[in-house]
Amino acid sequence: MIWQLDTIILTFVIICGIGAITVKDLLSAAVIFGAYSFLMCLLWAIMGAVDVAFTEASVGAGVSTVLFVAAVFNTKRRSKD
Amino acid sequence: MKVFGLLAVILCGSLLLYSTGDFPDWGDKDSPANTYLSPHYITKSLEETAVPNMVTAVLADYRGYDTMFETTVIFSAGLACFFLLRISNKKEKKRTFYRHIATGIILHIKEGGKIPEDTSKFTQIDSQWTPNDLIIKVTCRMIIPFIQLFGLYVIAHGHHSPGGGFQGGVILGASMILFAISHDLRTTRKRISEKTAAILSTTGVLIYAGTGLLCMLFGAVFLDYSALAWLLGSDPIMARSHGMLMVEIGVGMAVMFVMIWIYYNISSAGKQEEGL
């Protein structure tokens, strides 16, 4: 484990985490969450858990982002009430 | 209220950060988990199961019962999406937009208008936003077979390299979701209907549980694949390896079709008429 690489990725993870909850647009939040998952995948790979990294890349960054986007497309700009 | 929430978050966070100090170091060989259980897996799993990737050996064999219920959890997620979102669309059939295939002209059919029947000349399109983009369709059609081949490789080669049923199943499901995004939901439902997705995801879970029951039938405990040696025509150690493959195929099937099923229900808000 290289600590410089680790620090950089962890910083980006925190930035993505804060960004995903502060950004107003839901679609951008979904995409930032995908980036968060991908950075976590890098972290798992650095720690040697390749199977977990694979799962994180396919489920977290791949399918769950698509499902989030699909859910966001069914929302409206303004609430009805 | 916001201040209270912030205080609770800070309190919980600092407690968690404080308690991580008591964890053993990363890769510490004297930590409780690494003193008796991990060495057994690391040194013995190859000779006991003939599977080089010990993660697969632990997931599918030593901890097979856990993985079975993980598969069940995924299946329950698909079932929950179905029960929460699915709406019957028998009553309202608003088929209003059609595209003439040869010319690309879009017809908007008003209420009471005649709906074109000849489907080889006209194709029904979504009412919101449907670009007829040839480049996207052709590119996705060429990529999808390779994605599916990679998914099958990940499932079948999980014994030797990272991967397995979950990852391969997700990749296979994602390939069909890519097809649904590049074409539309109706075309995808002609390939894999909702009924097929539901039945095959159930079959995946049943393959897993059935393998376990088969082991019981041959006189061993649940999910002890070495009992299948006679059935598979190999020695008990290779039988454990083959039994894992059977189980991984079940997991892959369940995960793939549950992903497709969830996508159908979420992208169309349960109506399954018009998707993304």
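We did not get these values from a lab; they are worked out from the coordinates using the rules stated. What you see is a predicted model; the values in this text were computed from it and never measured. Counting neighbours? That spans all protein chains shown, and the Cβs are built from the backbone with ideal geometry, glycine included.
How far is helix B:64-85 tilted off the main Cα axis of chain B, in degrees rounded to 10, range 0 to 90?
It works out to around 20 degrees.
Report ³J(HN,Hα) in whole Hz for each residue of segment B:241-250, in order, from the Karplus equation J = 6.51 cos²θ - 1.76 cosθ + 1.60 where θ = phi - 60°; Gly and Pro get x.
So the Karplus estimates, Gly and Pro as x, are 5, 5, x, 4, 5, 4, 5, 5, 4, x Hz.
Quick one: of B:110/B:137; B:114/B:190; A:76/B:271; A:76/B:110, which pairs are farther than 21 Å apart, Cα to Cα?
The answer is B:110/B:137; B:114/B:190; A:76/B:110.
For residue B:74, what is the net charge nearby, where nearby means another residue's Cβ is under 15 Å from its Cβ and Lys, Arg count +1, Asp, Glu -1? Intermediate values should be presented prior to the final figure.
Details: positive: none; negative: B:66, B:70, B:248.
Taking every Cβ under 15 Å from that of residue B:74, the sum is -3.
So what is the 222 nm mean residue ellipticity for chain B from helices alone, if each DSSP H run of at least 4 adds -39500 (n - 2.57) and you divide by all residues, rounding to the nearest 500 deg cm²/dmol? Let's see the in-between values first.
On the way: 11 runs with 170 residues, N = 276.
Result for chain B, helices only: -20500 deg cm²/dmol.
Just to check I understand the Karplus step: with θ = phi - 60° and J = 6.51 cos²θ - 1.76 cosθ + 1.60, what whole-Hz values come out for segment A:36-51, glycine and proline as x?
4, 4, 5, 5, 4, 4, 4, 4, 4, 5, 5, 6, x, 8, 5, 5
Order B:23-35, B:47-59, B:220-232 from most to least packed using the mean count of other Cβ atoms within 10 Å.
Values: B:23-35: 10.2, B:47-59: 19.8, B:220-232: 17.8.
Top of the packing list down: B:47-59, B:220-232, B:23-35.
Per residue of segment B:184-193, what does 6.51 cos²θ - 1.76 cosθ + 1.60 with θ = phi - 60° give for ³J(HN,Hα)? Whole Hz please, x for Gly and Pro, Karplus curve as stated.
After applying 6.51 cos²θ - 1.76 cosθ + 1.60, I find 9, 5, 5, 4, 5, 6, 6, 6, 10, 6 Hz.
Please give the helix B:134-156 orientation as an angle from the longest Cα principal axis of chain B, in degrees from 0 to 90, rounded to the nearest 10.
Compared with the principal axis, the helix lies near 20 degrees.
Would you list the P(r) distribution for segment A:3-73, with all Cα-Cα distances sorted into 5 Å bins from 0 and each bin expressed as a whole %?
4, 19, 24, 23, 17, 9, 4, 1
Pick from B:14, B:161, B:120 the residue whose mean-square fluctuation is largest in a GNM of chain B, springs joining Cα atoms under 10 Å.
With Cα springs under 10 Å in chain B, the top fluctuation among B:14, B:161, B:120 is at B:14.
Name the residues whose placed amide hydrogens come within less than 5 Å of the amide hydrogen of residue B:275, ignoring near sequence neighbours (fewer than 5 apart) on the same chain.
It is B:185, B:186, by chain and number.
With a ≥ b ≥ c taken as the square roots of the eigenvalues of the C-alpha gyration tensor of segment B:1-113, please select rounded if a/c is under 1.5 and otherwise prolate if a/b is larger than b/c or oblate if it is not? It would help to have the intermediate numbers written out before the result.
On the way: a/c = 3.44, a/b = 1.77, b/c = 1.94.
It is oblate, given that a/c is not under 1.5 and a/b is not larger than b/c.
Which of rounded, prolate or oblate describes the protein assembly as shown when judged by the alpha-carbon gyration tensor and an a/c cut-off of 1.5?
Working: a/c = 2.26, a/b = 1.36, b/c = 1.66.
Oblate, because a/c is 1.5 or more while a/b does not exceed b/c.
Relative contact order for chain A: what is it in percent, counting Cα pairs under 8 Å that are at least 6 residues apart? Walk me through the numbers before you get to the answer.
Values: 67 pairs, mean separation 22.3, N = 81.
Relative CO of chain A lands at 27 percent.
Sequence-distant or interchain residues sharing an amide H contact under 5 Å with residue B:107, placed H: which?
B:98, B:99, B:100
Could you tell me how far the Cα centroid of segment A:1-72 sits from the Cα centroid of segment B:1-70, in Å?
20 Å
Helix A:3-22 sits at what angle to the longest principal axis of chain A, using alpha carbons and giving 0 to 90 degrees rounded to 10?
With both axes taken from Cα atoms, the answer is about 10 degrees.
Under 10 Å, Cα contacts only: if you run a Gaussian network model on chain B, which one of B:258, B:73, B:170 comes out with the highest mean-square fluctuation?
Per the Cα network of chain B with a 10 Å cutoff, B:73 tops the list.
Where the centroid of each part is defined by its Cα atoms, how far is segment B:201-227 from segment B:166-184 in Å?
Cα centroid of segment B:201-227 versus Cα centroid of segment B:166-184: 28 Å apart.
Amide H of residue B:86: which non-local residues (sequence gap of 5 or more, or other chain) have their own amide H closer than 5 Å, using H built in the peptide plane?
It is none; the list stays empty.
For chain B, modelled as a Gaussian network with Cα springs under 10 Å, which listed residue fluctuates most, B:241, B:38, B:201?
Most flexible of the set in this elastic network: B:38.
At q = 0.11, 0.12, 0.13, 0.14 Å⁻¹, what log₁₀ I(q)/I(0) does chain B have when each alpha carbon counts as one equal point scatterer in the Debye sum?
Per q value, in the given order, log10 I(q)/I(0) is -0.83, -0.91, -0.98, -1.04.
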